[in-house]
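Worksheet: the structure to be examined is printed underneath.
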Amino acid sequence: MAAILSISDLTKTYEGGFEALKGVSLDIEEGEILALLGPNGAGKTTMISIICGITMPSSGKITVGGHDIQDEFRAARRMIGLVPQEIALEPFETVLNTVTFSRGLFGKPRDPAAIERILRQLSLWDKRNERIRALSGGMKRRVLIAKALSHDPRILFLDEPTAGVDVELRKDMWEIVETLRQDGVTIILTTHYIEEAEAIADRIGVINNGELLLVEEKDALMRRMGQKQLRLDLSEPLTGIPDCLSHHPLELTEAGGLIYHFDSGADRTGITRLLSDVAAAGLKMIDLDTSQSSLEEIFVTLVTEDAQ
């Protein structure tokens, strides 16, 4: 699949010498959902701001649908929709007028049918004549998305779209994102809710200190870095790991059981040998349970290693 957004060696250095981006390169395929994860100050919003023409880069090249973001700014920008983190809407304007006005800003002709389709898709049609000030926080988020979609962009940036939104509305937003993807919209999502990335993204990008640490398919990343654990609950709690088991990668649980770390992709996991040694040590197991590292644990590991 062709890349609809291509970023090559992008840098941004502010006055005073702070490097917000350090040679970021990234290709985003048409129709995919990419979740960009990183702590505060990692460079996520700076990168989005440059792509959307809000901030100038220090160096590097960006193309959107083959259009250079600097040489062909208008053509490139028409392909992009941006949903900012901050809710900045005219409180006394109606939903319908707000979204219609946004379409006009991009030079698009009036198209009431297109606006109606977008508002219905986002469950806003019944609210079309209400003033923004009367809407809930979740509905205002939907209006931001409607504004971003009003000019029929092919790429949608969602910068922390569910910040401050309750769990139920967050799941509604996930469904909206999936519907947009089915319509062929490419979505780049920045989020602090890592379960959000785990739920909806095709690929995961991790950025820290202005550097892109990795970009990888979510499932492949979790297979590669998601360490598995086997928990052994014992009839008699331990206070320490017996010497006869010290050669196994074990740790104690708070309840006095054992946790064994292993690689499920390896030729041998070592579980059979472990269980044999546990039995030989006279320990009686009452339960076994396996689990895999979550995306959040993988993210923390990557960022921590990068900081060292």
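Computed from the coordinates by the stated procedures, all read-outs in this text should not be read as laboratory data. Given the structure is predicted, the values throughout are model-derived calculations rather than measurements. No Cβ is skipped: glycine too gets one built from the backbone with ideal geometry, and neighbour counts run over all protein chains shown.
Observations, loosely collected:
- Antiparallel bridges, percent of DSSP beta bridges restricted to the range 3-223 (to nearest 5): 55 percent
- Taking the C-alpha atoms only, the angle from helix 271-280 to the longest principal axis of the chain is near 40 degrees.
- Cα-based reach from K218 at 17 Å (exclusive), listing lysines while leaving out same-chain residues under 8 positions away: K228
- When the chain is treated as a Gaussian network with alpha carbon springs shorter than 10 Å, the biggest mean-square fluctuation among A201, A75, A42 belongs to A75.
- Largest first, the extents of the alpha carbon coordinates of the range 3-223 on the three principal axes equal 47, 40, 34 Å.
- 20 Å reach of a label modelled at S136, 7 Å along Cα-to-Cβ, counting backbone N of the range 109-130: 119-130
- Considering only I155, I54, I204, the Gaussian network model of the chain with Cα springs below 10 Å gives its largest mean-square fluctuation to I54.
- Spacing of the two label points (7 Å from each Cα toward its C-beta) at K22 and H261, in nm: 2.6 nm
- In the chain, the longest principal axis of the Cα atoms and the axis of helix 167-182 are about 70 degrees apart.
- Reachable aspartates and glutamates, given that their alpha-carbon falls under 13 Å from the alpha-carbon of K171 and they are not under 8 places away in the same chain: E195, E196, E198
- Among I286, I33, I200, a tally of other beta-carbon atoms within 10 Å of each Cβ gives an order, fewest to most, of I286, I200, I33.
- Gaussian network model of the chain, springs between alpha carbon atoms under 10 Å - residue of A35, A88, A281 with greatest fluctuation: A281
- Taking label positions 7 Å along the Cα-Cβ direction at both A199 and R273, the computed distance is 4.2 nm, reported to one decimal.
- By other beta-carbon atoms within 10 Å, ranking K61, K147 with the fewest at the front produces K61, K147.
- Under a model in which nothing but the beta-carbon of Lys, Arg (+1) and Asp, Glu (-1) is charged, the chain shows a dipole of about 1360 debye around its Cα centre.
- Phi to ³J(HN,Hα) by Karplus 6.51 cos²θ - 1.76 cosθ + 1.60 over the range 108-123, Hz, x for Gly, Pro: 7, x, 4, 8, x, 5, 5, 5, 4, 4, 5, 5, 5, 4, 9, 6
- Listed by chain and number, the lysines whose C-alpha is less than 17 Å from the C-alpha of K12, apart from same-chain residues fewer than 8 away, are K22, K44, K61.
- Among H261, H151, H247, H67, the ranking by other beta carbons within 10 Å of each residue's beta carbon, starting with the fewest, stands as H247, H261, H67, H151.
- Euclidean distance of C-alpha centroids, the range 3-52 and the range 101-175, integer Å: 25 Å
- Treating r as the C-beta distance of T55 and F101 and R0 as 25 Å, the FRET efficiency rounds to 0.55.
- Net lengthening on full extension, W174/Y14 (0.36 nm per residue, minus Cα-Cα): 54.1 nm
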